[in-house]
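Take a look at the structure set out below.
Just so it is clear, none of the values below were taken in a lab; they were calculated from the coordinates. Quick caveat: nothing in here was measured; it's all calculated off a predicted structure. Cβ coordinates were reconstructed from backbone atoms using ideal geometry, including for glycine residues, and neighbour counts include every protein chain displayed.
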């Protein structure tokens, strides 16, 4: 495709601050002369060379390593020059200024990855995986990002697109021979092929949802009446005293947040004010904020006191909870009630009995949170997906379902399959809009 710009770009590619090594990266056309002016010699391709980085008057700015990667065998597909010097912020800035004096401009966020995408070195999923790898907060997220960077997710999407193309070819061929329409569809087993495609798409969607949670984390809100043990449960999950626990009802006045990991899944646990009617102005504000957190939750743990079970006040809270949010009922203080920890299903809803104080039954809660997250246990087939990937997969699933229902209406079926293919192609960037690219790459680091 080729980069739409002929200008060179430069940026400090290492994190701000002081370090043993700092890197300035340059990408653009014909950088050999650029490198010679900066180092006093033309560096050989793909060999590390010890050089002085020279100012305009010939004085040494720093002494370090120059690496030159001629196009197209580079990350961006253009000539790339990497300058490894001492990692002080002043010397790095001086080296960047020298690159600008030689004709480069400061790179925009994500512009190196964007050029790699535009020059067909990586697709859009792989470009996003670069950012995901940098931002990964768990080892599992790192492994999933590496798999996406290697093209594993892209290959699965391409395979699904190829199957859609074949289905469209078979179905659209009947438009030219309408008298043979039924025979062609039957002989080529289009219905079975489409059913198999939808099953595999559903499998990818499930793994992508789990990967999205792996990347962004699961937002878990602790909700319930005062003094049912929400703060104690937060402290138990966090493994330390993060929230104040007293016998006084209404101790928690604002949301308390803690991020933990279970099997590599980030869980953002939010303790909220006890939900009750009150005349206390400050407590009212805390309760309003609690309901706002509940509206944004992925899962709500509604805590009850095991000694009393569900009270009318607890039922009133349950009725008000958002219908689309997963709710797990947690009967806390089972030790005080003289009951054993347990996991039950009541009316199709999970009920857990545990003790936040002693830790008895916490393993049941861990298992349920992993279930809600869609975690498979080993995670090696999880796809590290972004929100836009999930939306595209959902659109493809919707359109392919419509196509299955319209097999008897060939023109409509073919159109639904075309829309499904278009949705999948948006994932890798084969079908895209420029504003989408701007939105994606603007979130990257400078120097990537």
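At residue 50 and residue 15, where each label point lies 7 Å from the Cα along Cα→Cβ, what is the point-to-point distance in nanometres?
Placing both labels 7 Å along Cα→Cβ, they lie 2.9 nm apart.
Could you work out [θ]222 nm for the chain from helices alone, using -39500 (n - 2.57) per DSSP H run of at least four and dividing by all its residues? Round to the nearest 500 deg cm²/dmol. Don't skip to the answer; put the middle values down first.
Details: 15 runs with 203 residues, N = 448.
Mean residue ellipticity, 222 nm, calculated: -14500 deg cm²/dmol.
Taking square-rooted eigenvalues a ≥ b ≥ c of the alpha carbon gyration tensor, is the range 104-156 rounded, prolate or oblate, where a/c under 1.5 means rounded and, failing that, a/b exceeding b/c means prolate? Provide the component values of the computation, followed by the final result.
On the way: a/c = 3.99, a/b = 1.44, b/c = 2.78.
In terms of gyration-tensor shape, oblate.
Taking a ≥ b ≥ c as the square roots of the eigenvalues of the Cα gyration tensor of the range 303-362, is the shape rounded (a/c under 1.5), prolate (a/b larger than b/c) or oblate?
Cα axes put the range 303-362 in the prolate bin.
Tell me, what is the FRET efficiency for residue 311 and residue 257 to the nearest 0.05, using R0 = 22 angstrom and their Cβ-Cβ distance as r?
Efficiency, from the Cβ-Cβ distance: 0.20.
Going 7 Å from the Cα of residue 238 along its beta-carbon direction, which residues of the range 193-222 have the amide nitrogen within less than 16 Å of the resulting point?
Counting backbone N atoms under 16 Å from the label point, the list is 220-222.
Assign one of three labels to the range 259-353, namely rounded, prolate or oblate, based on the Cα gyration tensor with a ≥ b ≥ c the square roots of its eigenvalues; rounded applies when a/c is under 1.5, prolate when it is not and a/b is larger than b/c, and oblate otherwise. Provide the component values of the computation, followed by the final result.
On the way: a/c = 1.59, a/b = 1.17, b/c = 1.36.
Oblate is the answer for the range 259-353, as a/c is 1.5 or above yet b/c matches or exceeds a/b.
Using the basic label-point model (7 angstrom from Cα toward the beta carbon), what is the residue 295 to residue 172 distance in nanometres?
4.5 nm
Rank-order 46-53, 319-326, 121-128, 97-104 by packing density, defined as the average count of other C-beta atoms within 10 Å over each peptide's residues, highest first.
The peptides rank, most packed first, as 121-128, 97-104, 46-53, 319-326.
Using packing as a proxy for protection, rank 269-278, 11-20 so that the peptide with the highest average count of other Cβ atoms within 10 Å comes first.
Ranking, from highest mean packing down: 269-278, 11-20.
Tell me the angle of helix 89-101 to the major Cα principal axis of the chain, expressed in degrees between 0 and 90 and rounded to the nearest ten.
Orientation of helix 89-101: about 50 degrees from the principal axis.
So what's the angle, to the nearest 10 degrees on a 0 to 90 scale, between helix 410-428 and the longest Cα principal axis of the chain?
So the helix axis and the longest Cα principal axis differ by about 70 degrees.
Throw me the Rg/Rh for the range 9-123, computed over C-alpha atoms with Kirkwood Rh, two decimals.
On the Cα set of the range 9-123, Rg over Rh gives 0.94.
With a bin width of 20 angstrom, please list the P(r) values of the chain as percents of all Cα-Cα pairs, from the 0 bin to the one holding the largest distance.
The calculated distribution, bin by bin, is 21, 37, 32, 10, 0.
I'd like the orientation of helix 362-373 relative to the chain: the angle between its Cα long axis and the longest Cα principal axis, in ° from 0 to 90, rounded to 10.
Once rounded, the angle reads 50 degrees.
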